[in-house]
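Everything below concerns the one structure shown next.
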Amino acid sequence: MLAFVPRKWDFCTTMIIAIDSGNTYAKVGWFDQEKLVRFQARLVWKDLIEEIRLSKPDHIVFSSVSYTVTELKSALGVDIPILELSPQTPLPIRKNYDTPETLGADRVAAAVGAQVLYPNEDLLIIDMGTCITYDFLEHTGSFEGGIISPGLRMRFNAMHTFTKRLPQLEPEAIPDLIGKSTKGAMESGVMNGVLAEIEGIIERYRHISPNLSVIMCGGDTTFFESSLKPSIFVVPELVLIGLNRILRYNVAL
């Protein structure tokens with residue numbers, strides 16, 4: 001069942017909807033100017049369109065790996081200004097990246113969102129999705145690049161796909177380090193392996209920037225946020241905050 005937009009929208013000065021649409025689900029943020037007032041995840045396309053129609057936003061900022069702006073406009077059937085995040089979109093950060101045209105929109109938006117929340121700091125942004133990305137944003141606003149690593153499900157799938165006997169597993173809570181069964185050993189290999197990877201990479205980045213702030217987002221963050229030894233900030237809405245900032249950078253509001 002769809003959740004109807006609260007009456008407080010009647011008092012918004014400018015309503016902005018930020019959409020991060022993946023292969024299956026979309027994450028959506030409703031903003032009053034710079035303030036995030038509502039957040040919803042795991043929306044399928046049909047429900048997303050209905051939510052937008054109910055909200056009647058002034059502007060939409062859109063990032064998608066599965067739909068185009070043309071498809072979004074056609075589905076909505078109303079004339080709402082839409083900004084699509086593309087490699088050509090002007091940004092409030094600089095890309096110090098050898099192949100900027102290949103840089104994923106979610107990585108860009110997460111970096112911009114991190115800068116909004118933690119300006120003038122060296123930042124490591126960890127996004128735990130299908131892949132795990134680690135991106136370094138220098139305090140002057142220069143996106144320096146980072147790391148792309150296989151995500152949890154990709155690791156479990158690889159063990160099942162490339163062997164004859166290992167079962168297909170899904171991520172669960174971080175298990176004991178010493179697995180007492182094949183299933184337990186696989187779970188430890190992936191979950192404790194990723195935990196060690198995250199802690200090790202944070203430590204290596206702290207050699208580059210001792211005062212580094214670490215921000216995490218993405219659907220698999222919940223498995224690790226309470227187990228990480230280095231202090232981190234968890235911001236599930238980070239990409240949407242970045243998309244909203246990019247829209248405001250491009251449109252006079």
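The values are calculated or read from the model by the stated rules, or taken from the named source; none is laboratory data. What you see is a predicted model, and the numbers here were worked out from it, not measured in a lab. All Cβ positions, even for glycine, are placed from backbone atoms using ideal geometry, and neighbour counts span all protein chains on display.
Listed here are the residues, each with its yes/no results for (1) outside the structural domain of T13 (by TED's automatic domain parsing); (2) in contact (Cβ under 8 Å) with a residue 40 or more places away in the chain.
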site: I60; (1), (2): no, yes
site: S64; (1), (2): no, yes
site: Y67; (1), (2): no, yes
site: T89; (1), (2): yes, yes
site: A109; (1), (2): yes, yes
site: V112; (1), (2): yes, yes
site: L117; (1), (2): yes, yes
site: N120; (1), (2): yes, no
> Within the stretch 163-178, can one find any residue that is in contact with a Leu (Cβ under 8 Å, 6 or more places away or on another chain) and not assigned by TED's automatic domain parsing to the domain that holds G219?
Replying inline: yes
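Residues checked against (1) under 28 Å from F62 (Cα atoms); (2) touching a Cys at 6+ places or on another chain (Cβ under 9 Å); (3) at pLDDT 95 or above:
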position: S209; (1), (2), (3): no, no, yes
position: M216; (1), (2), (3): yes, no, yes
position: K229; (1), (2), (3): no, no, no
position: F233; (1), (2), (3): yes, no, yes
position: L238; (1), (2), (3): yes, yes, yes
position: N244; (1), (2), (3): yes, no, yes
position: R248; (1), (2), (3): yes, no, yes
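Yes/no per residue for (1) out of contact with any Ser or Thr (no Cβ under 6 Å at 6 or more places or on another chain); (2) closer than 14 Å to G22 by Cα; (3) surrounded by fewer than 17 Cβ atoms within 10 Å (Cβ to Cβ); (4) among the aromatic types (F, W, Y):
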| position | (1), (2), (3), (4) |
| --- | --- |
| L48 | yes, yes, no, no |
| V61 | yes, no, no, no |
| T70 | yes, no, yes, no |
| S86 | yes, no, yes, no |
| R94 | no, no, yes, no |
| P100 | yes, no, yes, no |
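One line per residue, one yes/no per condition, for (1) in the same structural domain as E101 (by TED's automatic domain parsing); (2) touching a strand residue (DSSP E or B) at 6+ places or on another chain (Cβ under 6 Å):
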{"site": "L137", "(1), (2)": "yes, yes"}
{"site": "E144", "(1), (2)": "yes, yes"}
{"site": "N157", "(1), (2)": "no, no"}
{"site": "L195", "(1), (2)": "yes, no"}
{"site": "I201", "(1), (2)": "yes, yes"}
> Among the residues of the stretch 25-39 satisfying the criterion of being closer than 15 Å to G218 by Cβ and free of Cβ contacts under 8 Å to residues at least 40 places away in the same chain, which is surrounded by the most Cβ atoms within 10 Å (Cβ to Cβ)?
Replying inline: A26
> Would you call I178 hydrophobic (A, V, I, L, M, F, W, C), loosely packed, with under 10 Cβ neighbours inside 10 Å and part of a loop (DSSP other than H, G, I, E, B)?
Replying inline: yes
